[in-house]
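Taking it in order: structure first as structure tokens, then the write-up.
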Ligand code: ADP
Ligand code: MG
């Protein structure tokens, strides 16, 4: 088996080495690992098992910590470049891990980062919790391949609840995700769904808590809210969080319909067509003919106000009946069954 990132420096800087055990929080029953990681590790301690992804910002591989048995498997995301974007991703991960020290506490709704190594050219390599069912984009494609539509409402309500809890965590730490979509929601055979990929995230609170205006134009076009198409689009904390809420609304619609909800079924999604539909058209919504509950319709409409000031906040959405009145047990079971069926 090939050693991961052969070009990597054998030594990570001390503060970048994995330095503490994963500590499952009392309120996080789906805590991610029981392995004791309280040892100093290097990139060269990991063997590559398989490729997991190759996207705009980096390559992702499944890796195993040598000599630790089959349970010590992770995802290793290595940035293509050592540039500002990669550093923002690392900084966002540090912010998200706020609490009891570096990498010390994590939300059960955000893919956990255990450590950041440095490759020879300075590119960060992020050691992540492995999500063994891949992305919800993959789950959706598998359902389509079987002639099924998207997720049924109970499973979808569970996904929405988890995304909202993850977003609440990010926003409380001054991080706007800005690229929420099915491909950036990762699933596990246990039925977890967690937010990943901070490659276009922005940090809207400075170190002393000061509010910043951040650029928000970058992201995946189909999930951009209308105001993000403005030339040189920037937003303060409230606006950056509202951008995530719009993307959540589009994501929920897509997961329900099983296709991009911005354009008519079958139409090729060019940048121009998407921009026109998002900026000039009506806010996306469920077709009248869709068999959807009033709660789901209301939830989506609350996310997808074209005016960001009228969009619901994450806190309001957490109290929305679509999420708050779901039967948690039944929803979790259905979501887990669907994820496992598609693996
Ligand atoms: P990019 O910025 O290139 O989109 P991502 O962080 O979204 O990078 O990773 C790309 C893909 O790699 C994901 O869509 C997913 O399929 C896979 N991947 C990323 N992180 C993990 C992980 N922790 N566990 C399993 N698969 C992952
Ligand atoms: Mg991604």
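Every number in this text was worked out from the coordinates using simple rules, so none of it is lab data. Predicted model, so just to flag it, every value in this text is computed and none were measured. Cβ sites come from the backbone with ideal geometry, for glycine too, and all protein chains shown count toward neighbours.
Can you give the angle from 0 to 90° between the axis of helix 84-96 and the longest principal axis of the chain, with both taken from C-alpha atoms, to the nearest 10?
90 degrees
Could you give P(r) for the chain, binned at 20 Å from zero, as whole percent values over all Cα-Cα pairs?
For the chain, the binned pair fractions read 31, 59, 10 percent.
Ranked from highest to lowest mean number of other Cβ atoms within 10 Å per residue, what is the order of the peptides 328-337, 214-223?
214-223, 328-337
Is any residue of the stretch 108-122 close enough, with backbone N under 13 Å, to a label point placed 7 angstrom from the Cα of residue 190 along the Cα-Cβ axis, and if so, which?
Residues 108-112 fall inside that zone.
Taking the Cβ of each residue in 131, 343 as the centre, tally the other Cβ atoms inside 10 Å and list the residues starting with the fewest.
343, 131
Cα centroids of the stretch 48-97 and the stretch 217-237: how far apart, whole angstrom?
Spelled out, the Cα-based centre of one part sits 26 Å from the other.
To test your reading of the geometry: what angle, between 0 and 90 degrees and rounded to tens, separates the Cα axis of helix 294-303 from the longest principal axis of the chain?
Helix 294-303 sits at roughly 70 degrees to that axis.
Treat the stretch 164-308 as a sphere of radius equal to its Kirkwood radius over Cα pairs and apply Stokes-Einstein at 20 °C in a medium of 1.002 mPa s; give the translational diffusion coefficient in µm²/s, rounded to a whole number.
Roughly 135 µm²/s, to the nearest whole number.
Springs between alpha-carbon pairs under 10 angstrom, Gaussian network model over the chain: which of 287, 321, 152 fluctuates most?
The residue that fluctuates most here is 287.
Only residues of the stretch 140-164 count here: report those whose backbone N is under 13 Å from the spot 7 Å along Cα→Cβ of residue 293, or say none.
152-161
Going by C-beta contacts inside 10 Å, put 186, 257 in order with the fewest on the left.
257, 186
Show that you can apply the helix-only estimate: for the chain, add -39,500 (n - 2.57) for every DSSP H stretch of four or more residues, divide by all residues, and state [θ] at 222 nm to the nearest 500.
Calculated from helices alone, the mean residue ellipticity at 222 nm is -9500 deg cm²/dmol.
Mind checking the angle between helix 136-145 and the chain's longest principal axis? C-alpha axes, 0 to 90 degrees, to the nearest 10.
The answer is roughly 60 degrees.
Decide, for the stretch 176-244, between rounded, prolate and oblate: order the square roots of the alpha carbon gyration tensor eigenvalues as a ≥ b ≥ c, take rounded if a/c falls under 1.5, and otherwise choose prolate if a/b is larger than b/c, else oblate.
Verdict is oblate for the stretch 176-244.
Give the order of 310, 162 when sorted by the count of other beta carbons within 10 angstrom, beginning with the fewest.
Starting with the residue having the fewest Cβ neighbours, the order is 310, 162.
Quick one: in the stretch 48-164, what % of C-alpha pairs are over 19 Å apart?
The proportion of pairs with Cα distances above 19 Å equals 57 percent.
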